[in-house]
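To start, the structure under review is shown below, and the notes come after it.
The values are calculated or read from the model by the stated rules, or taken from the named source; none is laboratory data. Source: prediction; values computed, not measured. Note: ideal-geometry Cβ built from the backbone for every residue, glycine included; neighbour counts use all protein chains shown. Protein only, heavy atoms only, side chains kept; ligands, DNA and RNA dropped before computing areas. Shrake-Rupley method; radii C 1.70, N 1.55, O 1.52, S 1.80 Å.
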Amino acid sequence: MTTTVPHRRPKDLRDFYEDPSVPVASGAPRSLRQARMLAAALGTARERTILDVGCGDGSAAATARPLLAGHRIVGVDWSQDALKRARAHLSYPVRGEVTGGGLPFRSASADAVLFSEVIEHLVDPDAALDEIRRVLRPGGHLMLSTPNLAAWYNRGLLLAGVQPVFSEVSLRGIHGRPGTEVVGHLRLYTARALREFVAASGFEVVRVAGAPFHGVPRALRPLDRLACSRPSLASILLLHARKT
């Protein structure tokens, strides 16, 4: 079970993510669920500043905007190619990163951070959460989403000796698992591991919820939606935490 992809051979991870053929968007159902969680947390008392860190092409922010009306959404990404596409959806696209040079914002300057489908791509997720915590105001909200290593179908695949969905062993092709897209996943989390990791980084975990995965075959999507009621089985993990 091997699938190769047509993008050029990357020199490093930065080169990989600047490749226009690498996907920089995820499904709308996850974005909507995450936006509802954030809207409920923020309320409508005043304009808040929301950083969409790892905004990709801006489509997630565009999906969330109707639910976050009245708030200022700033998109941040390290990929120049992604930011070019994000300008169609975001009024404030900014180049920056959560590791290396850090985010180009003052400490305690943001009310909330959207961190959607990013942490699984990072070499140093500890430094990333430290940087997010730095830019959040006390009590500020972190809305993090990431694929679930223990998704209901991954449990069956592992029992069958098949590489889990979302995991990747190469940047050049898919080996040993279903799927066709190489997206650069380096780390995967279960619900329990994600909760413990975020809490250890100085956040109070408020809630972990589940969301469906747009790549599930159509015939299995009803089952995937049903699994969302049990976050530990869901395809995508949605975590809401507050800076302590």
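Remark: the R192-A28 segment gains 56.6 nm on full extension, using 0.36 nm per residue and subtracting the alpha carbon distance. Placing unit charges on the Cβ atoms only, positive for Lys and Arg and negative for Asp and Glu, gives segment 89-176 a dipole magnitude near 120 debye about its Cα centre. In the chain, a dipole from Cβ-located charges (positive for Lys and Arg, negative for Asp and Glu) runs towards its positive end, and of L90, A128, G56 it is L90 whose Cα lies farthest in that direction. Near V206, the amide H atoms lying under 5 Å from its own belong to H240, A241, R242; only residues 5 or more places off or on other chains count, and H is placed 1.01 Å from N. When the charge dipole of the chain is built from unit charges on Cβ atoms (+1 for Lys and Arg, -1 for Asp and Glu) and taken about the Cα centre, the candidate among L239, F105, Q163 whose Cα reaches farthest toward its positive end is L239. Accessible area per residue for segment 28-71 is 41 Å², calculated with a 1.4 Å probe on protein heavy atoms, without ligands, DNA or RNA. The Cα atoms of segment 25-176 give a gyration tensor whose axes a ≥ b ≥ c have a/c of 1.5 or more with a/b greater than b/c, which makes the shape prolate. For segment 208-239 versus segment 148-186, the spacing of their alpha-carbon centroids is 16 Å. Contact order, relative form, for the chain: 21 percent (alpha carbon pairs under 8 Å, 6 or more residues apart, mean separation divided by residue count). Taking the protein heavy atoms of segment 146-234 in the context of the full set of protein chains, the accessible area attributed to carbon and sulfur is 58 percent at 1.4 Å.
Quote the FRET efficiency, to the nearest 0.05, computed for V123 versus T180 with a Förster distance R0 of 22 Å and r equal to the Cβ-Cβ distance. Result of the calculation: an efficiency of 0.35.
Per-residue extension of 0.36 nm, minus the Cα-Cα distance of R87 and R218, leaves a gain of 44.0 nm for this segment. For H214, the residues whose amide H sits under 5 Å from its own are G27, ignoring neighbours fewer than 5 places away on the same chain, with H placed 1.01 Å from N. Residue by residue, segment 214-230 carries 3J(HN,Hα) couplings of 5, x, 5, x, 3, 5, 9, 5, x, 5, 5, 5, 5, 5, 5, 5, 10 Hz when phi is fed to the Karplus relation 6.51 cos²θ - 1.76 cosθ + 1.60 (θ = phi - 60°); x denotes Gly or Pro. Among the trypsin sites (Lys or Arg not before Pro) within segment 90-181, those in coil by DSSP and having at most 15 neighbouring Cβ atoms inside 10 Å are R106, R172. Per-residue Karplus couplings for segment 176-189, computed as 6.51 cos²θ - 1.76 cosθ + 1.60 with θ equal to phi - 60°, are listed in order as x, 8, x, x, 10, 9, 8, 10, x, 6, 10, 9, 10, 10 Hz, Gly and Pro entered as x.
Remark: segment 48-58, residue by residue, has Karplus-estimated 3J(HN,Hα) of 10, 9, 10, 9, 9, 7, x, 5, x, 7, x Hz, where x stands for each Gly or Pro and the curve is 6.51 cos²θ - 1.76 cosθ + 1.60 at θ = phi - 60°. Each Lys or Arg adds one and each Asp or Glu takes one away; over the other residues whose Cβ falls under 10 Å from the Cβ of I174, this sums to 0.
For the chain, the Cβ-based charge dipole about the Cα centre amounts to some 660 debye (Lys, Arg positive; Asp, Glu negative; other atoms uncharged).
Compute the FRET efficiency between R137 and T99 as 1/(1 + (r/R0)^6), taking r as their Cβ-Cβ distance and R0 = 30 Å, and round to the nearest 0.05.
After rounding, the FRET efficiency stands at 0.90.
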